[in-house]
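The values are calculated or read from the model by the stated rules, or taken from the named source; none is laboratory data. This is a predicted model, so every value here is computed, not measured. Here the Cβ positions follow ideal geometry from the backbone for every residue, glycine too, while neighbour counts run over all protein chains shown.
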Amino acid sequence: MTKLKTRLNLIDDVREDGERYARLLARGGQLDVHYFLPSPELDLDALIQPSPDLFLVDYELIRQQDGGVHASYLGGTLATAIRERLPDRPIVLLTRRGLIVWDRDRRIVEASQTFDDVVYKEDIDREPTSIRKLLVSVAEGFRILREQDRKDWRSLLSVLGATDDEGRLLSEAAPPSSDWQVFEAARWIRNVVLAYPGILYDPLHAATALGVERNAFLGRRVQRLVKDAKYSGVFSQPGSRWWRTRLFATAEKIVREEGLRRPINRAFAEAFQKRYREELPLARCTYSGETPADWVCYILNEPVKIEYSLVYYPDTRPAVMDDARVSFKAIRESNEVHDELFDAESAKLLEKIRK
């Protein structure tokens with residue numbers, strides 16, 4: 001059976017831009033893109049009938065016609081109107097870098113509860129394939145949530161593919177109410193469960209937790225070993241994640257069977273070498289060069305040893321997630337470190353670290 005294309009409605013006030021983005025996104029055959037100029041007085045009928053799988057809405061919509069302004073409103077205004085009519089369809093912001101303001105949780109200040117994701121126009125021009133994958137993933141995830149007969153906690157765990165133990169952890173991650181709406185569940189899964197390491201790990205966090213380099217973790221033999229830990233639930237693409245509990249259980253099993261009694265991040269590589277006669281390069285601390293590193297620097301996104309890092313509070317992640325930590329290297333070298341995001345005890349050490 002032929003898979004139906006994902007229908008995307010794109011709204012941009014500059015016809016030349018809108019038509020170009022529509023062509024770029026339609027290549028490859030996954031997206032059925034329909035371009036619209038903004039309508040006067042927020043007339044939505046043409047946009048929502050038939051219902052698309054997702055909307056891509058430009059940030060500022062000012063349509064010129066006959067020498068005057070035919071429509072003038074922010075994309076957030078249009079998105080709010082769309083959400084009132086179609087609350088279970090994703091709405092993605094289309095903009096250029098620098099035109100929007102973010103808060104420390106990486107949410108759009110002006111419309112933090114309106115858009116489900118952001119796509120930059122520069123990225124469509126530079127890497128349209130990646131943007132297409134993102135948009136298809138968002139639309140597919142919303143479709144899966146939309147098709148659940150019951151919008152309760154058990155159905156949410158089911159689409160995530162979580163075990164009972166993982167469900168208990170997820171229940172501590174500020175989930176939506178048991179009678180959830182599609183956009184609420186989608187936002188929680190994508191902006192909490194997938195965004196913060198702790199219940200699920202991306203390749204770098206998974207590798208560092210096991211004490212090995214990222215590329216070593218992504219090697220074919222290691223991936224065969226941890227395949228049952230890989231996340232395959234809703235919004236699993238693009239990008240890979242692994243369940244932390246399953247990852248550690250797999251690593252602990254091989255460590256135990258090889259007769260080692262050290263912590264996982266210090267024993268996994270050795271146990272793996274004993275079992276498969278393959279050496280795995282160890283995760284190296286970005287500050288000291290020591291191995292194995294056991295955390296990931298929030299700013300540099302590189303492995304670091306906990307002893308060479310400080311706890312950081314850049315967001316409102318639930319306590320069940322891993323702490324954000326910043327390496328001494330980032331504190332000394334990066335302009336992205338904000339002193340006010342350290343606790344009082346850590347703040348006392350900042351000047352010493354910088355000196």
task = Pull up segment 141-161, narrow it to residues that are in a loop (DSSP other than H, G, I, E, B) and more than 21 Å from D53 (Cβ to Cβ), then point me to the one that is farthest from the chain's Cα centre (by Cα).
result = R150
ask   = Scanning for something modelled with pLDDT under 90, acidic (D, E), farther than 20 Å from V138 by Cα and assigned by TED's automatic domain parsing to the domain that holds G98, does segment 52-61 turn up at least one residue?
value = yes
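Residues checked against (1) at pLDDT below 95; (2) touching a His at 6+ places or on another chain (Cβ under 8 Å); (3) surrounded by 19 or more Cβ atoms within 10 Å (Cβ to Cβ); (4) small (G, A, S):
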residue: E110; (1), (2), (3), (4): yes, no, no, no
residue: E140; (1), (2), (3), (4): no, no, no, no
residue: Q148; (1), (2), (3), (4): no, no, no, no
residue: L156; (1), (2), (3), (4): no, no, yes, no
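Listed here are the residues, each with its yes/no results for (1) closer than 15 Å to G198 by Cα; (2) in contact with an Asp or Glu (Cβ under 6 Å, 6 or more places away or on another chain); (3) free of Cβ contacts under 8 Å to residues at least 24 places away in the same chain.
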{"site": "L300", "(1), (2), (3)": "no, no, no"}
{"site": "E307", "(1), (2), (3)": "no, no, yes"}
{"site": "L310", "(1), (2), (3)": "no, no, no"}
{"site": "R325", "(1), (2), (3)": "yes, no, no"}
{"site": "F328", "(1), (2), (3)": "no, no, no"}
{"site": "R332", "(1), (2), (3)": "no, no, yes"}
{"site": "K352", "(1), (2), (3)": "no, no, yes"}
{"site": "K355", "(1), (2), (3)": "no, no, yes"}
E302 vs. criteria surrounded by fewer than 22 Cβ atoms within 10 Å (Cβ to Cβ), of a type in the set (D, E) and under 23 Å from the mean Cα position of the chain (by Cα) = yes
inquiry  = Looking for something on the phi > 0 side of the Ramachandran plot and basic (K, R) - is there at least one such residue anywhere in segment 269-287?
reply    = yes
inquiry  = Criterion first (at pLDDT 90 or above, on the phi < 0 side of the Ramachandran plot and assigned by TED's automatic domain parsing to the domain that holds V14) does P38 satisfy it?
reply    = no
message = Tell me whether segment 280-290 contains one or more residues that are of a type in the set (V, I, T) and surrounded by 16 or more Cβ atoms within 10 Å (Cβ to Cβ).
response = yes
request  = List the helices (runs of 4 or more DSSP H) that sit entirely inside segment 200-312 and contain at least 3 residues that are more than 30 Å from L350 (Cβ to Cβ).
outcome  = 214-217, 220-225, 244-257, 264-276
